[in-house]
Structure formats: C-alpha cells, structure tokens
Amino acid sequence: MNKTKTKLTKIVLIDDHKLFREGVKRILEFEPSFEVVAEGDDGLSASQIVKEHHPDVVLMDINMPNMNGVQATSDLVKHFPRTRVIILSIHDDESYVTHALKTGAQGYLLKEMDSDSLIEAIKVVSDGGSYLHPKVTHNLVQEYRRLAHENVMGISEYGIEYRKPLHLLTKRECEVLQLLAEGKSNRAVSESLYISEKTVKNHVSNILQKMNVNDRTQAVVSAIRKGWVEVL
C-alpha cells in the first residue's frame, strides 16, 4: 500500500523572547506538515540561520536587539528571495504594517493571535499568498478609506447605486467580501453566515479570481476604492 508523503513546510523562529518561541514551537509541532528547523534570538542571526537551513517560512519578531525584524526581513528578501517572512508584532498601527510589507514581508501577525490564525497564516504564505491579522487588515482598510475619501470626495457619482457589485459577484460573495472588509477571519465569516470554513475559503477564492487580485487584502482595498463595501 502506497502512502503519500506529506510535504513539510520548514520554519525558522526569530524572536528574542525564549518563552514566546517555545510557546509558538509547541503550537507548530501539532501540525504534521510543519517542521521547526532552527531558532534565533536577534535579527543579526537571521541570515546565517536561513543560509544553513533553507526554510520555507521565517516567523520574525519585529522588535529585537542589534537588528530589528524589518531590517532583517529586508536582508532576507534580498539574499534569499524564496524564503517568505511573516512578521510577529505587538503593534497594530498601520505605519508598522505598511513599512513591514514594503520591506518584503508576506505576512503580519499580532502576538495576540490564536493558534488557528498562526497555522493558517503559515500555510497561506508558504503557498505564495499574503496574510494579515484581521485586526491589522481592519486598521489598514480604515486608513485607506480615509485617504481615498480625501482624494476622491465629490468625484464618484455611482457610489450608492453600484455599492454591491452584483454584476461581478454573487450575493453571497458580496456578503463575504463585506465581512472581510470588517477584518473578520475565515472562522468569523463562517460563524456570521452559518456556513463552513471550507465554503468560506471557496467563496474567497472565487472573489479573488473574479476581482483579479492576489489576496484578500488587495480585494478589500479594491472594493473600498470602488465603493463596494462599507467600513464603519
């Protein structure tokens, strides 16, 4: 009987708090497709560790001595473009998030995250996508909405009439898009709409394809710009 070998996602943890690293490592050990191959306690060690272990994903603390996580991420993106970085932070301010993403990070998680979000983020990022903590997404959307309102105030005459893009998305997909704009995770969307998380993922995939964007953050930003969602 042939058994399909599970492809392991190799992970490196870079964080100067040993207890936090140990807690994250214990969570990841419960996922059979994950393998933590190395750890580090400052940004300066990141490049050497990645060079030695060739991980798929690096979980990078943003505040560390000697070299912070954003600087270390910039270095990794430059020298190891196949390794993808997820920033771990206590900061939900959009300026931190924007700076990290511009530097090349593919994910941004708050340290208050639950284990399901951590696992989902690693899977999404290792598959080539981007992942932001729902609270971070909400803050980014709010800031984008404020700037967009300042820039286009009085220009759009179709904002109300075409608020819901029923010409492109189904009614259910519009509902999912609205909840994504409110910063809800897949689990929260499934609970709000009384559907399974698998169904939510299918809807999100359809939305991304129809809107011709790469990830949910791009979908939400585009929807805000077009007036398809409301963000309170």
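The values are calculated or read from the model by the stated rules, or taken from the named source; none is laboratory data. These numbers were taken from a predicted model, which means no experiment stands behind them. No Cβ is skipped: glycine too gets one built from the backbone with ideal geometry, and neighbour counts run over all protein chains shown. Side chains included, ligands, DNA and RNA excluded: accessible areas come from the protein's heavy atoms. Shrake-Rupley method; radii C 1.70, N 1.55, O 1.52, S 1.80 Å.
Here is how the numbers come out for the structure above:
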quantity: Candidate set from the range 19-41 (those that are touching a residue at least 60 places away in the same chain (Cβ under 8 Å) and of a type in the set (Val, Ile, Thr)); member that is surrounded by the most Cβ atoms within 10 Å (Cβ to Cβ); calculated: Val24
quantity: Selection within the range 122-142 - modelled with pLDDT of 85 or more and part of a helix (DSSP H, G or I); calculated: Ile122, Lys123, Val124, Val125, Ser126
quantity: Out of Met67, Met60, sole residue that is open to solvent by 10 Å² or more (accessible area, probe 1.4 Å) and touching an Asp or Glu at 6+ places or on another chain (Cβ under 9 Å); calculated: Met67
quantity: Of residues in the range 118-131 being of a type outside the set (A, V, I, L, M, F, W, C) and touching a helix residue (DSSP H, G or I) at 6+ places or on another chain (Cβ under 8 Å), the one least open to solvent (accessible area, probe 1.4 Å); calculated: Tyr131
quantity: Candidate set: the range 99-117, residues that are modelled with pLDDT under 85 and more than 12 Å from the chain's Cα centre (by Cα); chosen: the one surrounded by the fewest Cβ atoms within 10 Å (Cβ to Cβ); calculated: Lys102
quantity: Among the residues listed as Ser192, Ser205, the single one being of a type in the set (Gly, Ala, Ser), assigned to a helix (DSSP H, G or I), open to solvent by less than 70 Å² (accessible area, probe 1.4 Å) and within 19 Å of Ser130 (Cβ to Cβ); calculated: Ser205
quantity: Residues located in the range 48-57, provided they are open to solvent by 30 Å² or more (accessible area, probe 1.4 Å) and either in contact (Cβ under 8 Å) with a residue 24 or more places away in the chain or under 15 Å from the mean Cα position of the chain (by Cα) (or both); calculated: Lys51, His53, His54, Asp56
quantity: Sole residue being at positive phi and modelled with pLDDT under 70, chosen from Gly183, Gly154; calculated: Gly154
